[in-house]
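The values are calculated or read from the model by the stated rules, or taken from the named source; none is laboratory data. Nothing here was measured: the structure is a model prediction, and the numbers come from that model. Positions of Cβ are backbone-derived with ideal geometry, glycine not excepted, and every protein chain shown enters the neighbour counts. To get the accessible areas, we keep the full protein, side chains included, count just its heavy atoms, and leave off ligands, DNA and RNA. Shrake-Rupley method; radii C 1.70, N 1.55, O 1.52, S 1.80 Å.
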Amino acid sequence: MYTHHPEGIKVAECVADCIYLARTKKDIGLIIESVKDVYGYNINQACDEIRQTNRFDET
């Protein structure tokens with residue numbers, strides 16, 4: 001049986017919200033604030049910084 005990972009669902013919701021805000025012509029500052037405040041993601045990290053701490057386990 002396949003179960004959905006809670007963090008994967010959270011990311012999907014965040015992306016959907018960002019797309020909605022962008023399509024409704026909201027200010028980029030509002031989008032960034034939403035990502036940080038609503039979802040708690042640190043968007044000030046570069047990809048290389050994220051790769052140092054995040055690992056993928058396919059099991």
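Assuming Y39 fulfils every condition listed in (1) surrounded by 10 or more Cβ atoms within 10 Å (Cβ to Cβ); (2) touching a Lys or Arg at 6+ places or on another chain (Cβ under 8 Å); (3) modelled with pLDDT under 90 apart from one, which condition is it? Of the numbered conditions (1) surrounded by 10 or more Cβ atoms within 10 Å (Cβ to Cβ); (2) touching a Lys or Arg at 6+ places or on another chain (Cβ under 8 Å); (3) modelled with pLDDT under 90, the odd one out for Y39 is (3).
Listed by first and then second residue, the pairs with beta-carbon distance under 9 Å, at least 6 apart or on different chains, first residue in region 10-27 and exposed (fewer than 11 other Cβ atoms within 10 Å of the Cβ), second not polar (S, T, N, Q), are D27/L21.
Go through (1) open to solvent by less than 90 Å² (accessible area, probe 1.4 Å); (2) in contact (Cβ under 8 Å) with a residue 12 or more places away in the chain; (3) part of a helix (DSSP H, G or I) for I32 and report which single condition fails. Only one criterion in (1) open to solvent by less than 90 Å² (accessible area, probe 1.4 Å); (2) in contact (Cβ under 8 Å) with a residue 12 or more places away in the chain; (3) part of a helix (DSSP H, G or I) is unmet by I32, namely (2).
For region 42-51, a tally of residues being surrounded by 10 or more Cβ atoms within 10 Å (Cβ to Cβ) and outside any loop (DSSP other than H, G, I, E, B) returns 3.
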